[in-house]
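Read through the structure below, which is laid out as structure tokens, and then see the notes.
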Amino acid sequence: MERAHRDKLQRRFGAHLKGKRVICLDIPDDYAFMQPELVALLEKKVEPFLK
């Protein structure tokens, strides 16, 4: 999710997101579905939030 996506979520669903944590991983939408580089980047960026 890019920051623009997070901001759009806040504008559209702000009331529903109260008390919820939305994390922006700053990964550009430049990858194909399940592209190995994307999967590796996701694993790296998400790991700290799953501990």
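The values are calculated or read from the model by the stated rules, or taken from the named source; none is laboratory data. These numbers come from a predicted model, not from an experiment. Counting neighbours? That spans all protein chains shown, and the Cβs are built from the backbone with ideal geometry, glycine included. What goes into the accessible areas is simple: the full protein's heavy atoms, side chains included, and nothing from ligands, DNA or RNA. Shrake-Rupley method; radii C 1.70, N 1.55, O 1.52, S 1.80 Å.
Can you tell me how many residues in segment 27-38 are part of a helix (DSSP H, G or I) and surrounded by 12 or more Cβ atoms within 10 Å (Cβ to Cβ)?
Total meeting the criteria: 1.
Looking only at segment 8-26, count how many residues are closer than 24 Å to K45 by Cβ and part of a loop (DSSP other than H, G, I, E, B).
Total meeting the criteria: 8.
Looking only at the chain, filter to residues that are at pLDDT 90 or above and of a type in the set (D, E); which one of those is farthest from the chain's Cα centre (by Cα)?
E37
Determine the pairs where a residue that is within 21 Å of I27 (Cα to Cα) and open to solvent by 80 Å² or more (accessible area, probe 1.4 Å), located within segment 4-16, has a partner that is of a type in the set (A, V, I, L, M) and in a helix (DSSP H, G or I) with Cβ atoms under 8 Å apart, the partner being 6 or more residues away or on another chain.
Q10/L17
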